[in-house]
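Please read the structure below before turning to the comments.
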Amino acid sequence: MALIDILEQFCYKKHTVDAGTLLLKEGTVETSTYVLISGTVEVTAGDVDIGQFSRPGDTFGEMSAIMKEAVSASVVTSTECQLYVIKDLDTLLLKNPEIAIDMLKKSYVRLKQMNKGVNFMLSLIP
């Protein structure tokens with residue numbers, strides 16, 4: 001079962017936010033995890049544009065929520081977005097291990113993409 005379906009089943013409230021809304025601020029410790037339903041968000045670290053999320057089910061803020069550490073990037077809505085806000089991710093993951101596995105897989109994909117970027121940058125160094 002997809003993450004969005006599980007959240008809908010548990011009657012999580014859908015939130016609509018305007019374009020330009022700061023959802024996560026780099027360097028702050030966050031306890032909420034966001035699950036995108038629709039729209040697009042931009043991710044930046046410092047002055048560097050990291051990318052964007054636009055697929056239903058994309059999550060952000062989960063690493064800070066799990067690790068209780070500062071977020072590594074800022075996330076701002078670039079369009080009006082609908083999303084779920086998970087306030088207690090630990091409990092949701094304990095009750096639904098399939099969500100934990102899905103998030104782990106997505107984190108692996110992100111790590112692979114980051115490694116590709118780092119390797120490319122290293123290849124430019126003479």
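The values are calculated or read from the model by the stated rules, or taken from the named source; none is laboratory data. Values in this document were obtained by computation on a predicted structure and should not be read as measured data. Counting neighbours? That spans all protein chains shown, and the Cβs are built from the backbone with ideal geometry, glycine included.
Brief remarks on what is shown
- Enumeration of residues in the range 17-39 that are more than 18 Å from Ala2 (Cβ to Cβ), of a type outside the set (S, T, N, Q) and part of a loop (DSSP other than H, G, I, E, B): Asp18, Ala19, Gly20, Lys25, Glu26, Gly27, Glu30
- Conditions (1) at pLDDT 90 or above; (2) on the phi < 0 side of the Ramachandran plot; (3) surrounded by 14 or more Cβ atoms within 10 Å (Cβ to Cβ): number failed by Leu7: (1)
- Subset tally (residues that are surrounded by 13 or more Cβ atoms within 10 Å (Cβ to Cβ), farther than 15 Å from Leu111 by Cβ and not aromatic (Phe, Trp, Tyr)) for the range 53-65: 7
- Scanning the range 43-58 for residues that are in contact with a strand residue (DSSP E or B) (Cβ under 8 Å, 6 or more places away or on another chain) and either in a loop (DSSP other than H, G, I, E, B) or over 21 Å from Met103 (Cβ atoms) (or both) turns up Thr44, Asp49, Ser54, Arg55, Pro56, Gly57, Asp58.
Okay, residues lined up against (1) more than 16 Å from the chain's Cα centre (by Cα); (2) in a helix (DSSP H, G or I):
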{"position": "Ser72", "(1), (2)": "no, no"}
{"position": "Leu83", "(1), (2)": "no, no"}
{"position": "Thr91", "(1), (2)": "yes, yes"}
{"position": "Ile99", "(1), (2)": "no, yes"}
{"position": "Arg110", "(1), (2)": "no, yes"}
{"position": "Asn115", "(1), (2)": "yes, yes"}
{"position": "Asn119", "(1), (2)": "yes, yes"}
{"position": "Leu122", "(1), (2)": "yes, yes"}
{"position": "Ile125", "(1), (2)": "yes, no"}
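- Residues that are small (Gly, Ala, Ser) and either at pLDDT 75 or above or touching a helix residue (DSSP H, G or I) at 6+ places or on another chain (Cβ under 6 Å) (or both), drawn from the range 97-123: Ala100, Ser107, Ser123
- Boolean, Val76 is outside any loop (DSSP other than H, G, I, E, B) and closer than 21 Å to Thr16 by Cβ: yes
- Of the residues in the range 86-93, at least one is in contact with a Leu (Cβ under 8 Å, 6 or more places away or on another chain) and either surrounded by 15 or more Cβ atoms within 10 Å (Cβ to Cβ) or of a type in the set (Phe, Trp, Tyr) (or both).
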